[in-house]
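The values are calculated or read from the model by the stated rules, or taken from the named source; none is laboratory data. Keep in mind the model is a prediction, meaning the values are calculated, not measured. No Cβ is skipped: glycine too gets one built from the backbone with ideal geometry, and neighbour counts run over all protein chains shown. Keep in mind that these areas ignore ligands, DNA and RNA; they rest on the heavy atoms of the full protein, side chains included. Shrake-Rupley method; radii C 1.70, N 1.55, O 1.52, S 1.80 Å.
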Amino acid sequence: MLSAEKVVANQIVVPGSGIYKLVLEGEVAATARPGQFVHLQVGLATDPLLRRPVSIAGIDRERGIVTLFYRVAGRGTALLAGVGEQETLSVIGPLGNGFTLPQAGELLLLAGGIGIFPLFSLMDAVDRSKVKVKVLWGAENRQLLEAAGRQRLVDLALDYEVSTIDGSMGQPGLITNLLESYLRKRSLESTQQRISTVACGPPVMLKAVTEICLREGLPVEVSLEERMACGVGACRGCVCTVRAAGGTLERRRVCKDGPVFKGREVVWDAEG
């Protein structure tokens, strides 16, 4: 689980975006699954003390590499951005529970901002000769969509729609508007194809799309983000509240029991 991974590449995707692509070669790729993450040591010894969790965006078992994307948001990720090629990073992972991989029907992927990153590995893993993949992606503006990988959706020839808060690309507004529009259109088409839904993004967005999906009777998995310390479930610093069988409330560890949960189980407004 603890390994020294060689840095194959660590470069900014679009100048000025603050978004970096990090490619690691080593042991993680052998067992990684879509939806899991790695815990990276970004500094020397205890400075900074805590590792940084980063979702796995690409898995190439044959070459033994995983691809990660991250956005510089503080001192830790700034230090990570300074790591050069051929250096090694101390990595714990792969960690957590991943996405359910559908074998038939339609897979609807809902992304908010850089929440698209964990979904890239799921797109790659799905057998699209058996599963129809639809992507709905909401972001602040066109610049973020382009920096975070819209071209990848084009290259994969995926069916996708986008929305932007400032109206600079796609449908103006939030992803919830995009989702409502898509479901209305799908209802008019009277398709009987089974649909499963996966969502990743900010908590407010996850809550909103989960409510819509559940209202429409659609199963939905959500990938949660929480501040993490140990990353392996020992410190219980990243707990969330879920409603277990029988209606009882339980505290679950996002790093160990997640980060992927059934949307119907998550109690979004729980305190503490």
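For the reader, a short list of remarks on this structure follows.
- Of the residues making up the stretch 130-143, those that are open to solvent by 20 Å² or more (accessible area, probe 1.4 Å) and in contact with a Ser or Thr (Cβ under 9 Å, 6 or more places away or on another chain) are GLU140, ASN141, ARG142, GLN143.
- Residues that are free of Cβ contacts under 8 Å to residues at least 24 places away in the same chain and open to solvent by less than 50 Å² (accessible area, probe 1.4 Å) were ranked within the stretch 217-272; the one that is farthest from PRO34 (Cα to Cα) is GLY247.
- Just one of the listed residues (ALA9, ALA4) is of a type in the set (Gly, Ala, Ser) and under 22 Å from CYS230 (Cα atoms), namely ALA4.
- Taking the stretch 1-41 as the region of interest, the strands (runs of 3 or more DSSP E) fully inside it that hold 2 or more residues being open to solvent by 20 Å² or more (accessible area, probe 1.4 Å) are 2-12, 19-25.
- All strands (runs of 3 or more DSSP E) inside the stretch 180-272 with 1 or more residues being closer than 27 Å to GLY105 by Cβ: 195-200, 220-223, 239-243, 260-262
- Scan of the stretch 72-87 for residues that are over 20 Å from the mean Cα position of the chain (by Cα) and exposed (fewer than 15 other Cβ atoms within 10 Å of the Cβ), ordered by number: ARG75, ALA78, GLY82, GLY84, GLU85, GLN86, GLU87
- When residues of the stretch 145-158 are limited to those that are open to solvent by less than 40 Å² (accessible area, probe 1.4 Å) and touching a residue at least 40 places away in the same chain (Cβ under 8 Å), the one farthest from the chain's Cα centre (by Cα): ALA147
- Within the stretch 79-124, considering residues that are free of Cβ contacts under 8 Å to residues at least 40 places away in the same chain and outside any loop (DSSP other than H, G, I, E, B), the one nearest to LEU179 (Cα to Cα): MET123
- Residue within the stretch 55-71 that is surrounded by fewer than 18 Cβ atoms within 10 Å (Cβ to Cβ), under 19 Å from VAL232 (Cα atoms) and either outside the structural domain of ALA199 (by TED's automatic domain parsing) or modelled with pLDDT under 95 (or both) present: no
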